[in-house]
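See structure below.
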Amino acid sequence: MGFWNSLFGKKEVKVELPKEEEKELLPSVDKEINERLDSIDLDIESLALDKIRSEAEAISSYLKGLMQDINKYSNLMDKKEMQKQIIKSITGKIKVITQHSLELKNLIAHVEQRYHDYLLENFKWVNEKKENEDIKNLIKELEEDKETIKALDTKLTRIIYYDEIFNPDKNKEYEGNIHKEVEKMEIHTNINDLTTHLLNGVLDKVNGIISRIQKKDYLGLVKEITGIKR
C-alpha cells in the first residue's frame, strides 16, 4: 500500500480512535474489579442468623442444667436409687444438647462457607489487584470472625463427645461411664469450662459476629473504597 500511495501521491492516513473507545479496548483493572464485586451475590437471609443465636442460647441453658445435675449426682454417691433419677436427667440433657450442637455446627459451617470464605476470597482478589489498607483491615476483621466460629465449632465437638459415652442408645455402659466421669471430677471441669466459655466468651463473640453481619455492609464498603457506588 505504501508503494501505490506514493505512486498516486496519496499519503497514509493514521486513524485515531476517540480516547473513550481507546480506553474500552485497553484491559482495565478497575473494570475487572467492578465486574467481580458486582457479581457477588450475598443472601443474608439464608444464613439463618437468628436461628444460630437461639441454638447457642439453648445449648448454654442446657449446659447449666447439666452442671447442676452432675453436682447433684456427686452429692448422692451412696444413694443409688436417687442417682438413677439424676442419670435419666443427665442422659436426657446430653441428647438435647447434642441435637442443638449438631444443628449449630451445620449453621455456622454454612455461615463460614457462604459468608466469610466467600467474601474473603473476593476481597483478597480485589486487594491483590488494587492494594488498599482499608480493604486489608476489613479482610483482617473477617478472618478474626472466622477464627471465632472455628473456636465455637471445636467446643461443640467437645460437647458432642459426651453423647458417645452417656447416651444409652449408643453406649450400654452409660451408667458406669457417668459414675467414672463424676468420680474423676474431670467432667465438672470440662462442663464448667464449656459453659463458661459459651456464656462469657465464644457466645458473646458469636453474637457480635451476627450483629456485624446484620449491620455492617462489608461488600458496600469495599465497593466504596474501590470507587463503585453502593
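Things to note:
- Here the condition is being surrounded by 13 or more Cβ atoms within 10 Å (Cβ to Cβ), polar (S, T, N, Q) and at pLDDT below 80; of SER60, SER74, it holds for SER74 alone.
- Residues of region 68-116 satisfying the condition of being more than 30 Å from ASP145 (Cα to Cα), part of a helix (DSSP H, G or I), among the hydrophobic types (A, V, I, L, M, F, W, C) and without any contact (Cβ under 8 Å) to a residue 40 or more places away in the chain: MET82, ILE86
The values are calculated or read from the model by the stated rules, or taken from the named source; none is laboratory data. Just so you know, these numbers come straight off a predicted model, no measurement behind them. Note that each Cβ is placed from the backbone with ideal geometry, even for glycine, and that neighbours are counted across all protein chains shown.
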